[in-house]
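The values are calculated or read from the model by the stated rules, or taken from the named source; none is laboratory data. Everything numeric in this text was worked out from a predicted model, so none of it was measured. We place every Cβ from the backbone using ideal geometry, glycine too, and count neighbours over all the protein chains shown. For accessibility, only protein heavy atoms count, side chains too; no ligands or nucleic acids. Shrake-Rupley method; radii C 1.70, N 1.55, O 1.52, S 1.80 Å.
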Amino acid sequence: MADPQAATLTQLRNIQVRTGKTIAELLAAVASSGLAKHGERRAWLMDRFKLGYGDAHTVALFVDKPLPDLSGAAPAAPLALQPADPLDALYAGAKAHLRPLHETVMQAVASLGPCELAPKKTYISLRRKKQFAMLGPATKDLVELGLNVKSLPPHPRLKALPPGGMCQYSVRLGQAEEVDETLTGWLRAAYDAAG
């Protein structure tokens, strides 16, 4: 299993290289913006510094928190080979039209509170003390949300997964309207259980 702290350090170092600013400088800029909400800060970073959603989210998570030591080794792969935002790789080509749906789900996640985003090859892992969800493209027309929660009431949209997997349930989504109160409730249950 990938080390989430190492992934975050690599992401922060890559952000510094891409923007030409230290994370401390980016955080100072956020502080001077006067914005107080996480979502506003994330959107401001995306607009002002052209950061992708995941990178802006990660920087915004460090507002008013101690920064990790970023003086370690440079990123493993040359910068030119790494996408500016992990979502660029996930939602490329025929799946590009699914990215707004992914971001709609992420807005629902952001409303729950802070969490760590750990990009993987085919999805984004959402973590607190442990993984509570995973989100990524399932097909060219659907994104899949995996939920790591012991028990949810049966529902036609909810698929129970076999025991022993990373998640106990999954939901496939094709439209932003499906990110509703029911889905947010399932996300809340998984978020709270990951504690």
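Rounded to whole Å and ordered largest first, report the semi-axes of the equivalent ellipsoid of the chain derived from its Cα gyration tensor (root of 5λ).
29, 18, 17
Which aspartates and glutamates have a Cα less than 20 Å from the Cα of LYS50, not counting those fewer than 8 places away in the same chain?
Once the sequence-local aspartates and glutamates are set aside, what remains near LYS50 is GLU25, GLU40, ASP85, ASP88, GLU103.
What is the distance, in nm, between label points placed 7 Å from the Cα along the Cα-to-Cβ direction at ALA89 and at SER32?
My value for the distance between the label points is 3.3 nm.
Give the carbon-plus-sulfur fraction of the accessible surface of the chain in %, rounded to a whole number; probe 1.4 Å, heavy atoms of protein chains only. Intermediate values should be presented prior to the final figure.
Details: 5780 of 10180 Å².
Carbon-and-sulfur percentage of accessible area, whole number: 57.
Taking the Cβ-Cβ separation of LEU152 and ASP64 as r and a Förster radius of 30 Å, what is the calculated FRET efficiency to the nearest 0.05? Could the numbers behind the result be given before it?
Numbers: r = 34 Å, r/R0 = 1.13.
Rounded to the nearest 0.05, the efficiency is 0.35.
With point charges of +1 on the Cβ of Lys and Arg and -1 on the Cβ of Asp and Glu, referenced to the Cα centre of the chain, which listed residue (ALA118, TYR53, LEU142) lies farthest in the positive direction of the dipole?
ALA118
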